[in-house]
1. Hey, got the Cα dimensions of region 129-181 along the principal axes, in Å, largest first?
2. Considering the Cα trace of region 171-227, what is its radius of gyration and what is Dmax, both in angstroms?
3. Checking the table K116/K188; K82/K159; K75/K129; K206/K341; K152/K196 against a 30 Å threshold on Cα-Cα, which pairs fail?
4. So if I take the centroid of the Cα atoms in region 313-346 and the same for region 68-142, what is the distance between those two points in Å?
5. I'd like to know which of G36, Y53, I8 lies farthest towards the positive end of the charge dipole of region 1-120, counting +1 on Cβ of Lys and Arg and -1 on Cβ of Asp and Glu.
6. Quick check on the exposure proxy: order V99, V33, V175 from fewest to most C-beta atoms within 10 angstrom.
7. Considering the Cα positions of the chain, please state its Rg to one decimal place and its Dmax as a whole number of Å.
8. Using alpha carbons only, how many angstrom separate the centre of region 45-59 from the centre of region 261-285?
Amino acid sequence: MQNTRKIIHIDMDAFFASVEQRDNPELRGKPIVVGGMGSRGVVAAASYEARKYGVFSAMPSKTALKKCPFLIFVKLRFEAYKEVSNQIRQIFLEYTDLVEPLSLDEAYLDVTTHKKGRPSATLIAKEIKQRIKDETGLTASAGISINKFLAKIASDYKKPDGLFLIKPEDAETFVEELPIEKFFGIGKVTAQKMHKLEISFGKDLKKLTEFDLIRKFGKQGSYYYHISRAIDKREVKPNRLRKSVGAENTFEYDIDDTEAMKKELFVIAQKLIQRIEKSKSYGKTLTIKVKFADFKQITRSKTFNSEIKHFDLLWKNTIDIFENIDFSNQKVRLLGISVSKLFSCNNQKMPIQLTFDF
């Protein structure tokens with residue numbers, strides 16, 4: 001067994017929808033989704049009342065309405081969610097500096113050593129959950145284990161308002177009995193491929209050598225080899241760098257006029273440069289994403305010698321890439337621009353500390 005760490009994964013329950021229900025008592029107990037109702041609308045978050053009807057995030061709004069005709073749509077209030085997220089983040093930081101946010105509604109905490117002197121990670125997780133409830137009126141689920149992979153799985157085990165511990169001595173057995181669909185990092189397509197290879201549980205995955213897994217699944221095979229043995233050596237990184245910064249827009253109606261596309265790209269580029277400046281994350285690789293009416297998607301990229309820091313440079317290079325794309329009179333439903341190979345002005349490394357029991 002690898003050196004024992006104490007990792008907590010906190011995941012807010014139906015975060016955006018829960019904030020809306022908290023702020024508007026009329027929405028409580030009702031099936032709501034946060035997102036747009038238009039023909040191109042997508043569900044950003046669904047309340048647990050909506051999930052009972054099979055409505056989930058990333059689902060087209062039209063599909064969601066078919067599943068639940070009396071669904072209530074609420075507009076996205078990103079600043080409100082960000083404010084609550086920052087409030088929750090401050091609670092985390094009272095316990096440990098080793099906090100790695102994954103998004104507004106979830107984060108890893110390394111509490112191997114921490115600021116409160118509590119005897120166990122489970123007690124810390126319980127206390128954090130209660131603090132979140134008392135201070136924000138929202139519920140969170142917590143997973144506790146020896147590494148990030150197991151903590152992430154554990155947080156999803158008893159949602160909503162869940163708390164689940166995978167003890168060090170139980171870790172390998174737990175993973176052996178876990179359906180591969182439940183493995184964080186194994187999506188639907190990979191799961192289907194594994195089933196064809198008669199891999200249904202962790203114990204089946206564990207039978208294969210690392211070489212076999214790499215041969216069948218590429219570089220991810222090494223990751224599958226280790227997690228099937230409950231091994232995950234990734235550290236909790238407080239200043240985890242984003243891989244890219246991007247902005248995109250799905251249009252209300254498909255467009256095939258390239259001049260109209262340029263106008264849309266100009267707005268997207270303005271939004272992107274604002275995000276770049278706000279995050280202070282500057283990249284050298286510029287990518288345009290195009291999704292056509294038939295949902296076929298392409299990307300075109302170009303890498304430069306220096307970071308893209310100014311709008312004029314971003315826009316000039318965006319147009320250069322765009323004008324080399326063959327649209328062949330196809331209609332477009334989405335355009336996006338992103339910058340990757342990032343360099344952050346705030347990039348710092350933090351120490352990771354190890355030891356103790358649960």
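We did not get these values from a lab; they are worked out from the coordinates using the rules stated. All values reported here derive from a predicted model rather than from experimental measurement. Cβ: placed from backbone, ideal geometry, glycine included. Neighbour counts: every protein chain shown.
1. 38, 22, 13
2. In Å, with Rg to one decimal and Dmax whole: 10.0, 26.
3. Numbers: K116/K188 41 Å; K82/K159 22 Å; K75/K129 27 Å; K206/K341 34 Å; K152/K196 26 Å.
As for pairs spanning more than 30 Å Cα to Cα, those are K116/K188; K206/K341.
4. Region 313-346 and region 68-142 have Cα centres spaced 35 Å from each other.
5. Y53
6. Numbers: V99 21, V33 31, V175 24.
Neighbour counts put them in this order, fewest first: V99, V175, V33.
7. Spelled out, the Cα radius of gyration and Dmax of the chain are 22.4, 65 Å.
8. A separation of 31 Å, based on Cα centres.
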